[in-house]
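Read-outs: derived from the displayed coordinates by stated rules, not from any lab. Because the structure is a prediction, the values reported are computed rather than measured. Don't worry about glycine lacking a Cβ; one is built from the backbone with ideal geometry, like all the others, and counts go over all protein chains shown.
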Amino acid sequence: FIDVTESARVGGGFHLTLGASFADYDNDGDLDIYLANDTNQNILYRNNSDGTFT
């Protein structure tokens, strides 16, 4: 197992995440990640097709 959280740009800060969904929200063929958080804002990570997320 290799932790790629930081290199994939999906880390940063503490979030109490209650659920995660994976879907292709922008119809580019790549799975994007949506995180439902408790006290913080929910987060949508768009897959950049290069191993990173925005």
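Neighbours of residue 30, meaning other residues whose beta-carbon lies under 12 angstrom from its beta-carbon, give a summed charge of -4 when Lys and Arg score +1 and Asp and Glu score -1. For residue 9, neighbours were defined as the other residues whose beta-carbon sits under 12 Å from its Cβ, and their charges (Lys and Arg +1, Asp and Glu -1) total -1.
Couplings 3J(HN,Hα) for the stretch 44-54, derived from phi with the Karplus relation 6.51 cos²θ - 1.76 cosθ + 1.60 (θ = phi - 60°), are 10, 9, 8, 6, 8, 6, 10, x, 10, 10, 10 Hz, where x marks Gly and Pro. Considered as an equivalent ellipsoid built on the Cα gyration tensor, the chain has semi-axes of 19, 15, 9 Å, the largest given first. Loop-resident chymotrypsin sites (Phe, Trp or Tyr not before Pro) (DSSP state other than H, G, I, E or B) in the stretch 1-42 with no more than 10 further Cβ atoms inside 10 Å of their Cβ: 1, 14.
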